[in-house]
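What follows is a set of notes on a single structure, which appears directly below.
The values are calculated or read from the model by the stated rules, or taken from the named source; none is laboratory data. Keep in mind it's a predicted model, so treat the numbers as computed, not measured. Here Cβ is always computed from backbone atoms with ideal geometry, including for glycine, and neighbour counts include all displayed protein chains. Keep in mind that these areas ignore ligands, DNA and RNA; they rest on the heavy atoms of the full protein, side chains included. Shrake-Rupley method; radii C 1.70, N 1.55, O 1.52, S 1.80 Å.
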Amino acid sequence: MSFSVSFVGKPKAIKRKLAEESARLTGQSKEEFDAVCPALDTILDQQMGNGAVHLSANGHATFVAGAKTYGTCQVEVKTLGQIAE
């Protein structure tokens, strides 16, 4: 199973979107995403005061007879700067 997300915004807003994505997912994709979410929240907490950021994360895992045999996760966070309002 796998998951993929991409959001642009302030860290607090992206954290809300991650929670919404978790609520939307089901099955193994939800389990994989929920396992990664605490780390994504921690990374976003380090971006406070930097304005807008772009978060992109995707992961994939393979299970055989209920045991995880392979897993990967790629995360990228780019600081975009202050939002002009």
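Listed values, structure above:
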read-out	value
Considering residues of region 52-85 that are of a type in the set (S, T, N, Q) and more than 21 Å from Glu20 (Cα to Cα) only, the residue most open to solvent (accessible area, probe 1.4 Å)	Gln82
Which numbered condition Gly49 fails, given (1) out of contact with any His (no Cβ under 6 Å at 6 or more places or on another chain); (2) open to solvent by 60 Å² or more (accessible area, probe 1.4 Å); (3) farther than 18 Å from Ser22 by Cβ; (4) in contact (Cβ under 8 Å) with a residue 12 or more places away in the chain	(4)
Enumeration of residues in region 40-72 that are part of a strand (DSSP E or B) and not small (Gly, Ala, Ser)	Val53, His54, Leu55, Asn58, His60, Thr62, Phe63, Val64, Lys68, Thr69, Tyr70, Thr72
Test result for Ser22, out of contact with any Pro (no Cβ under 8 Å at 6 or more places or on another chain), in a helix (DSSP H, G or I) and at pLDDT 95 or above	yes
Test: residue in region 28-36 that is surrounded by 14 or more Cβ atoms within 10 Å (Cβ to Cβ) and not in a helix (DSSP H, G or I)	no
